[in-house]
Each structure stands twice: as structure tokens, then as C-alpha cells.
Amino acid sequence: MDGDTKQIYLISGPLGVGKSTTSKELARLVERCVLIEGDDLLHMQMTEPVPTWEERLSLAWMNILSVTRNFIQNDFHVVIDFVVEDEFEWFCRQIADLNVQLKYAVLHADEETIAERLHKRGDIHSLDRSLFLLNN
């Protein structure tokens, strides 16, 4: 890779597996790097009527893409912390014109560790969703 190639690190995995911890540390270690936390874009306040889950997820991904493109075009590396389900191929097509190398990591942990982490952070209501993601 030449020196002008920027890196996009896409960190995924079930809730409670350590995406945020890993992403923050990676962004701290990579020079001239930004961290995009997808949950911030997913949970933005919206007025009534609130979009459906599918619409909110689509908007979040379009915003992640826009922010990523903006930073890449301004010579930053990008770390994205977000759950990826069916969006990976779409995302790759959308960045194909950029001079980037995409590094994609899916973090895993056993069910007990995930349950313990979610309980510790007061997010145990997310356990079913996290286990669904773990098994898919």
C-alpha cells in the first residue's frame, strides 16, 4: 500500500463483546484517526413520528458512510464501532471509489461473558438481542 492509502477499521460483534473498548483503543493508537460510534448516529433524537427500526438503521448506515467518506477525503483514518448484520457488502460498494483499505473484525465472546458484561454495565435487557447476534 502506498502512503496515501487510508485505513477504515470496521469493528463489529454482539452487544457486550467489547466493540467500544477495542474501537476506542484502536483509534487512540492510530495516528490521525477518528472514531465513529454508530450507536450515536442510530440513537439521535427524532421528532414524531419516529421512523421504524429499519428506517433508523438505514439512516444510521447512510450517516456512517457520509461521515466516513468525509474524514477519508480529509486524510484521516477511520474506526467504526457498530453492529454489522447485512450491511457489509453495501458498505464496501459505497467506498469502492476511495483509496482505502478496509479491515473488518467481528469480535466474539461466550454467552456467559456477554451476560456478565451487559449486567455489569446495566444493559441486561439487551441480552436477547446480543445472543441473537452472537449466533448469527
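So the values come out like this:
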read-out	value
Residues being among the acidic types (Asp, Glu), part of a helix (DSSP H, G or I) and under 15 Å from Ile80 (Cα atoms) - total across segment 1-60	3
Residue count for segment 31-49, restricted to those that are open to solvent by less than 80 Å² (accessible area, probe 1.4 Å) and β-branched (Val, Ile, Thr)	2
Residue within segment 51-67 that is in contact (Cβ under 8 Å) with a residue 40 or more places away in the chain and over 27 Å from Glu116 (Cα atoms) present	no
Per-region count, segment 85-99, residues over 23 Å from Glu54 (Cα atoms) and either part of a helix (DSSP H, G or I) or in contact with a helix residue (DSSP H, G or I) (Cβ under 6 Å, 6 or more places away or on another chain) (or both)	1
Flag if Asp75 is in contact with a helix residue (DSSP H, G or I) (Cβ under 9 Å, 6 or more places away or on another chain) and among the charged types (D, E, K, R)	no
Total residues in segment 102-121, condition open to solvent by 60 Å² or more (accessible area, probe 1.4 Å) and either at pLDDT 90 or above or more than 17 Å from the chain's Cα centre (by Cα) (or both)	11
Unmet criterion (only one of (1) without any contact (Cβ under 8 Å) to a residue 60 or more places away in the chain; (2) surrounded by 11 or more Cβ atoms within 10 Å (Cβ to Cβ)) for Arg28	(2)
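Here's the yes/no breakdown for (1) under 13 Å from Tyr9 (Cα atoms); (2) open to solvent by less than 50 Å² (accessible area, probe 1.4 Å); (3) among the aliphatic types (A, V, I, L, M):
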position: Thr68; (1), (2), (3): yes, yes, no
position: Asn74; (1), (2), (3): no, no, no
position: Val79; (1), (2), (3): yes, yes, yes
position: Phe88; (1), (2), (3): yes, no, no
position: Ala96; (1), (2), (3): no, no, yes
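The values are calculated or read from the model by the stated rules, or taken from the named source; none is laboratory data. Values in this document were obtained by computation on a predicted structure and should not be read as measured data. Here Cβ is always computed from backbone atoms with ideal geometry, including for glycine, and neighbour counts include all displayed protein chains. Calculation scope for accessible area: heavy atoms of the full protein, side chains included, ligands and nucleic acids excluded. Shrake-Rupley method; radii C 1.70, N 1.55, O 1.52, S 1.80 Å.
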